[in-house]
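Here's the structure, in structure tokens; my notes come after.
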Amino acid sequence: MVADRLKAAICCHTPKFVWLGGARDIWARDLDLAIRIDLRPVERLLELADFAHADPSAWAAEAVLSGKKLRLHFDELDIKERAKRARAADGPRRAARGPSSSDYFAAANALAMARKD
């Protein structure tokens, strides 16, 4: 499910992207580890797969091209997505300034609290 969503997100900006051999099974295994071992919520993996590929010119669109890479970059993507959402909620004046260090601290703190639950 997550592997298919990640492939669909990649195909939005790279239509000729194909899985080679058993890549789908490998991606699914890596994402299963993210869910079972890393305790990542499926819903959040789906959101971050979409976020990573929402902007084809962003670093994540190039960096997250497999389930293994989504698992590896999960925390970084999570922090960046939360900061982007917070900037959007603060309005255009705040978004023009960019995130402050307290934005990143708040996102990291929220992530730590979510993991404790």
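Each value in this text was obtained by applying a stated rule to the coordinates, not by laboratory testing. Keep in mind that this is a model prediction, so the values were computed, not measured. Positions of Cβ are backbone-derived with ideal geometry, glycine not excepted, and every protein chain shown enters the neighbour counts.
Counting every other Cβ atom within 10 Å of each residue's Cβ, L20, L46, L70 order from fewest to most as L20, L46, L70.
Listed by chain and number, the lysines whose alpha-carbon sits under 19 Å from that of K69, ignoring those within fewer than 8 places in the same chain, are K7, K80.
Taking a straight Cα-Cα cut-off under 13 Å and skipping sequence neighbours fewer than 8 places away in the same chain, the aspartates and glutamates within cross-link reach of K68 are D25, D30, D32, D38. Charging the Cβ of each Asp and Glu at -1 and of each Lys and Arg at +1, and nothing else, the dipole of the chain about its Cα centre rounds to 160 debye. Residues V18, V2, ranked from the fewest to the most other C-beta atoms within 10 Å, line up as V18, V2.
So what's the net charge close to L31: Lys and Arg +1, Asp and Glu -1, counting the other residues with Cβ under 9 Å from its Cβ? Cβ neighbours under 9 Å give a net charge of +2.
In degrees, nearest 10, range 0 to 90: what is the angle between the Cα axis of helix 23-36 and the longest Cα principal axis of the chain? Value to nearest ten degrees: 50.
An oblate overall shape is assigned to the chain, the ratio a/c of its alpha-carbon gyration tensor axes (a ≥ b ≥ c) being 1.5 or greater and a/b not exceeding b/c.
Once R0 is set to 25 Å, what does the formula 1/(1 + (r/R0)^6) return for the Cβ-Cβ distance between K84 and L33, expressed as a FRET efficiency to the nearest 0.05? That pair, K84 with L33, gives E of 0.40.
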